[in-house]
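Colleague: One structure, as structure tokens, below. Some questions next.
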Amino acid sequence: MPGEIDKKLENFIRSLPSEEIYFEAIREILKDIIKEYIKKKINSDDHLKHEIVEVLKEFTEAKVKEYDSMAKMTRISAKLGYSLAPESLKDEAISDFLSVFQKEIEDIIRKTL
């Protein structure tokens with residue numbers, strides 16, 4: 001009988017969530033509280049809100065310029081590679097270049113949209 005009770009108690013304890021789940025839940029709750037506090041502070045200060053909007057605009061513009069520069073550098077690299085390639089390999093060079101950079105170009109376009 002005592003062995004049976006011990007077994008049931010062990011099974012019950014094993015079925016309880018680990019303390020890690022509780023710590024994770026508390027972290028998520030604290031993050032929500034902090035976000036709410038920050039939102040209230042931002043919404044109560046129009047000047048601060050305006051500054052944040054301006055900084056975000058600048059950041060977005062900088063990112064677009066960065067991706068645009070990367071695209072231009074890619075284009076220049078392609079021109080250089082094409083001009084250096086022997087005539088017999090130019091078609092193959094274009095095909096290779098497109099296959100190598102297709103993924104990068106798609107990523108750049110996705111990130112800018």
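The values are calculated or read from the model by the stated rules, or taken from the named source; none is laboratory data. Predicted model, so just to flag it, every value in this text is computed and none were measured. As a convention, Cβ positions derive from the backbone with ideal geometry for all residues, glycine included, and neighbour counts pool all protein chains shown.
Colleague: Could you list, in sequence order, all residues of the range 25-59 that are surrounded by 10 or more Cβ atoms within 10 Å (Cβ to Cβ) and either polar (S, T, N, Q) or touching a Lys or Arg at 6+ places or on another chain (Cβ under 9 Å) (or both)?
Modeller: 42, 43, 48
Colleague: When you check residue 22 against the structure, is it in contact with a Lys or Arg (Cβ under 8 Å, 6 or more places away or on another chain), surrounded by 10 or more Cβ atoms within 10 Å (Cβ to Cβ) and free of Cβ contacts under 8 Å to residues at least 60 places away in the same chain, yes or no? Working first, answer last.
Modeller: Numbers: in contact with a Lys or Arg (Cβ under 8 Å, 6 or more places away or on another chain): no; surrounded by 10 or more Cβ atoms within 10 Å (Cβ to Cβ): yes; free of Cβ contacts under 8 Å to residues at least 60 places away in the same chain: yes.
No; evaluated as a whole, the condition is false for this residue.
Colleague: Just one of 94, 108 is modelled with pLDDT under 80, within 19 Å of the chain's Cα centre (by Cα), surrounded by 11 or more Cβ atoms within 10 Å (Cβ to Cβ) and assigned to a helix (DSSP H, G or I); which is it?
Modeller: 108
Colleague: Could I ask something else about it? Could you grab me the full set of residues in the range 62-91 that are among the aliphatic types (A, V, I, L, M) and at pLDDT 80 or above?
Modeller: Passing the criteria: 62, 64, 70, 71, 73, 76, 80, 84.
Colleague: If you don't mind, there's one more thing I want to ask. With the condition being over 23 Å from the mean Cα position of the chain (by Cα), over 30 Å from residue 113 (Cβ atoms) and not assigned by TED's automatic domain parsing to the domain that holds residue 101, I'd like the helices (runs of 4 or more DSSP H) fully within the range 1-87 carrying at least 3 qualifying residues.
Modeller: Per the criteria, 2-15, 19-43.
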